[in-house]
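The values are calculated or read from the model by the stated rules, or taken from the named source; none is laboratory data. As the structure is a prediction and not an experimental result, all values here were calculated from the model. Cβ sites come from the backbone with ideal geometry, for glycine too, and all protein chains shown count toward neighbours. All accessible areas refer to the heavy atoms of the entire protein, side chains included, with ligands and DNA or RNA removed. Shrake-Rupley method; radii C 1.70, N 1.55, O 1.52, S 1.80 Å.
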Amino acid sequence: MPSSLSPTARRRLEAAAKTASRHAYAPYSRFRVGAAVRAGSGKVYSGCNVENASYGLCNCAERTLVFTALAAGETEITHVAVYTPTPTATTPCGACRQVINEFGPYASVICVCDGSERIETTLDALLPGAFGPGNLL
Ligand code: THU
C-alpha cells in the first residue's frame, strides 16, 4: 500500500504532471497529457504523450512516465498524477492501467484537469481483478 503523501508532495506531483504536458508531442489529437509518478525511492518522474504519424504507435503520458522511471532504475510505482487539458478529470486508459499494475498494483492515482474536479483513486479500484506477474506460471 502506498504511504499517504503530504499536501506539499501531492501539489508537487500534480504540478509536475501539468508541466510535463507542455512537452507533449500531440500534433494529431492535439490532446496534451502530462503525468508524474512518485516512485519507490521517493523521486518524482514525469512523462507526456508522444504521438506518431503511424497512429497506432501513439504512446500515452502514463506509459511514457512508467517506462522513464523504470529506465532510471526504479522498480516500484507508488503515486501517479495525471493532468488532462479538460474541464473535468479523466482517468488513465485501460492499456496504461495494465502497465501501471505491473509496478504499482496498489498505487494511488490522482487525476487533475483545468477545472476544479479531481479524482483520487487507486490502481486496484481502476483495474479490479488485474492480470499481473503473479498469474504467470
Ligand atoms: N492519452 C494519454 O496520454 N493518456 C490517457 O490516459 C488517455 C489518452 C493520449 C493518447 C493520445 O496521444 C491522446 O491522448 C488522445 O487519445
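For segment 7-125, which whole-number percentage of the solvent-accessible area (1.4 Å probe, protein heavy atoms only) is attributable to carbon and sulfur atoms? Please report the intermediate quantities before stating the final value.
Working: 3100 of 5800 Å².
Ligands and nucleic acids excluded, carbon and sulfur give 54 percent.
With N the number of residues in the chain, Rg(Cα) / (2.2 N^0.38 Å) evaluates to 0.98.
Of Leu123, Leu13, Leu70, the residue with the greatest mean-square motion in the GNM of the chain, using alpha carbon springs below 10 Å, is Leu70. Each of the trypsin sites (Lys or Arg not before Pro) that DSSP puts in a loop and that has at most 12 other Cβ atoms within 10 Å breaks the chain; the longest unbroken stretch is 44-137.
Distance between the C-alpha centres of segment 86-118 and segment 1-77: 10 Å, rounded to the whole angstrom. Mean separation of Cα pairs under 8 Å and 6 or more residues apart, divided by the residue count, gives segment 7-125 a relative contact order of 22 percent. Summing +1 for each Lys or Arg and -1 for each Asp or Glu, what net charge is found among the other residues whose Cβ lies under 15 Å from the Cβ of Tyr45? Taking every Cβ under 15 Å from that of Tyr45, the sum is +1.
If you take every DSSP beta bridge fully contained in the chain, what fraction is antiparallel? Give it as a percent rounded to 5.
Working: 17 of 23 bridges.
Just about 75 percent of them are antiparallel.
The gain in end-to-end length when the Thr91 to Ser116 segment is fully stretched comes to 7.5 nm, 0.36 nm per residue minus the alpha carbon separation.
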